[in-house]
1. Mind checking region A:300-361 for trypsin sites (Lys or Arg not before Pro) that DSSP puts in a loop (not H, G, I, E or B) and that have at most 15 other Cβ atoms within 10 Å?
2. Would you mind computing, in nm to one decimal, how far apart the modelled labels at B:Leu280 and A:Ser55 are, each placed 7 Å from Cα along Cα→Cβ?
3. Per residue of region A:17-23, what does 6.51 cos²θ - 1.76 cosθ + 1.60 with θ = phi - 60° give for ³J(HN,Hα)? Whole Hz please, x for Gly and Pro, Karplus curve as stated.
4. Taking chain B as the reference, fit the longest principal axis to its C-alpha atoms, fit the long axis of helix B:231-240 to the helix C-alpha atoms, and give the angle between the two in degrees, 0 to 90, nearest 10.
5. Tell me, A:Cys133, B:Cys22, B:Cys220, B:Cys242 in order of fewest to most beta-carbon neighbours within 10 Å?
6. Calculate the length of the line joining the C-alpha centroid of region A:128-153 to that of region B:65-118, in whole Å.
7. Taking θ = phi - 60°, what integer Hz values does the Karplus form 6.51 cos²θ - 1.76 cosθ + 1.60 yield along region B:208-218, in sequence order, with x for Gly and Pro?
8. List A:Cys121, B:Cys25 from most exposed to least, where exposure is judged by having the fewest other Cβ atoms within 10 Å.
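All of the numbers you see were taken from the coordinates with simple rules; none came from a lab. These numbers come from a predicted model, not from an experiment. Methodologically, a virtual Cβ is constructed for each residue, glycine included, from the backbone with ideal geometry; neighbour enumeration extends over all protein chains shown.
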Amino acid sequence: MALVTRHSRLVKEVRGTPVALDGATLVAYAMRQVRPDVVAAYPITPQTVITEAFSEFVANGEVETEFIQTESEHAALSACIGASAAGGRVQTATSGPGLALMWEVMYVASGNRLPIVMHLCARALSAPLNILCDHSDVMGIRDAGWVILLAETAQEAYDNAIQAVRIAEHPEVMLPVASVMDGFITTHGVERSEVLPDEAVAEFVGTYRAPYSILDVAHPVTVGPLDFHDFYFEHKRQQIEAMERAREVVCQVAEEYGTLTGRCYGAVEPYRMEDAEVATLVIGSVAGTLRTVVDDLRRQGIRAGMVKLRCFRPFPGRELAALLGGVGVVGILDRSISPGGAGHPLFTEVSSALCQRGCAPRMRSFVYGLGGRTPAPAQFRQAYGDLLADRQLGAEASAPVYLGLRE
Amino acid sequence: MAVILRELTTQPEGLAPGHGLCPGCSESVVVRQVLHALGKPAVVALATGCLEVSTTRFPYTSWQTSVVHNAFENAATTIGGAEAAYTAMVRRGAIQPRDVVFVVFAGDGATYDIGLQWLSGALERGHRFIYVCLNNEGYMNTGIQRSGATMLGTWTTTTPVGKLAPGKLTWRKDMTGIIASHHIPYVAQAAPHAWKDFMTKVQRAGSAEGPSFLNVLAPCNRGWRYEARNTMRVSQLAVETCLWPLYEVDHGTWKLDYRPRNKRPVTEWLQSQGRFAHLLRPENHAIVEEIQQRVDGEWEHLQQRCQE
Ligand SMILES: Cc1ncc(C[n+]2csc(CCOP(=O)(O)OP(=O)(O)O)c2C)c(N)n1
Ligand code: SF4
Ligand SMILES: [Mg+2]
């Protein structure tokens, strides 16, 4: 499929080369292809694969990147900030506790409008210590001012990694981007994917010209000043505006990428939603499992559907309202928690987005897969069952359901 | 490259007047000494602290040279990132090679305490930059709290003089020694009153082929409790009492740069500042003794090292 759009710079679909690789290696491959000036990273399971693979590219002269092997994740992002303020194309990668350690400087990156790209291999947060997948780390940065893309598959992680560069560096955006894939499931699972030729990627991402650089000594700049009550608020407002503009840019870049590769992505991806009377909303790798569950239910005559969210920031509230507003009952599947909150993170976002638009289907919160608990199809069949039962009841808001948990 | 005062007066200023540092503060003096000694464009990273907040108040900046402030602990890493980007961008032809120096200005809090790991990592990686520690022996920006550079018996707002405590209860870190143990090309201790010595050291640091570290005593009249006009006198007393010896470690060779003709007792230093006023009371005599002993011991040790 080749779409030609008015935004297209490339109208010819490029043939990819099939590979059997794990997601992390594939993302490292994409990092090599976008030719960053600087990569700074610190190993942490399950991201380590990326750091190791990239080290090999450097050791073999397959990239010209300056690879800074820092002594911590905080330092990795700190180095990225210096490199980006210097005008370089800059990337990092991390997981769970590494992201938590970066928290302070996540805001420094976005507040200074530095288009850094981070590859985030989602992992649970301690304690108890756990190296497996959930989205606690991702949700921890939801207010940090980063564009957040979430991949379902290794292919998507690769595709997002390339698009992330264009989104971040877009003059109307100039914000850092976190490109997320699920730890172990996507990072370590070997899948069939296609990689683009190096030249096609290079042409797609182009070269980055920073509007300001601290290296341009003929035009000195002060980056990261002290900013009080008199200007800070306006600067934050500008950040909000940039994130709003990113909505359009995420779609534009996806369209252009679709033209190039035949793989088209939106901010949301509906599955069998046309006539759905019961639906779920998910992020990340579990979407594939949900598709098979939806197919099973459809075979049983149940009009089930599913919506996958690919772009979490900026949050596609309008698109979700259009897709879910008319559905009888919707389940929102969280892989992270917000103890004591108005709801778990994704649930709060979705319900708020729908209510604001005056369309509030019955919604129910489900939590699954914390700390790597296997999300089995049976859990989601149960979820659809609960949703259908809810619908019969038409009752008051009901408590979250914890799927696959020993109560 | 000799430091000639007459020539320095005609150089452009890297730090403009009108900043918000306290009158009498030594930090602006140190910064100007560094920028003048280098005599070429600098790319500067600042750690959070007095200097940064007093010179970068949006929409103004006191800097005529490029600066980046990231956070409190990570200025060394930030400049390392900028240096790496420079290398990469020159290599791929995106920018022309430029005769620039990468410089960090960070307080003792940023250096001795919260940022030690970031600094250590950057030194190990070997980025080419000069790290200048503005050592005013405390967290001054946040209102005079103790740091790892604060000496035994010192009053600060977190080591107050109370019924049980006579100010800070522990000695200070040997930060210059810690950095020297990283075996980087150039490490030195300096003080602003000895401007020629300091500026020569800046030039040595600037021509080093890897990272360099300058631990500069930076008297703070506000936090040390002395009159603004005495900044240079206080700086000098620290050196004459051997509390702050001037020395350097050039490619592993230790060298004493100044030997007081007549080493002064530490009491002269203690008397010069209000933060030590309580130490002059008879009940705190033992603490003064201990300070003198420690200073003497460190001075002996340093002299030995410089003879080896
Ligand atoms: C992570 C973090 N912790 C604490 C602070 C608060 N803080 C800002 S500056 C500072 C002290 C600075 O002391 P120093 O580095 O010695 O510089 P000075 O102001 O004394 O020159 C502190 C504690 C901060 N900004 N960030
Ligand atoms: S508090 Fe001390 S270090 Fe800070 S500006 Fe004033 S004199 Fe300088
Ligand atoms: Mg200080």
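1. A:Arg357
2. Reported label-point gap for B:Leu280 and A:Ser55 is 5.9 nm.
3. Listing the rounded values in order: 9, x, 9, 10, 9, 7, x Hz.
4. Here the helix axis deviates by roughly 70 degrees.
5. B:Cys22, B:Cys242, B:Cys220, A:Cys133
6. 29
7. With coefficients 6.51, -1.76 and 1.60, one gets 5, 8, x, x, 9, 9, 10, 9, 10, 5, 10 Hz.
8. B:Cys25, A:Cys121
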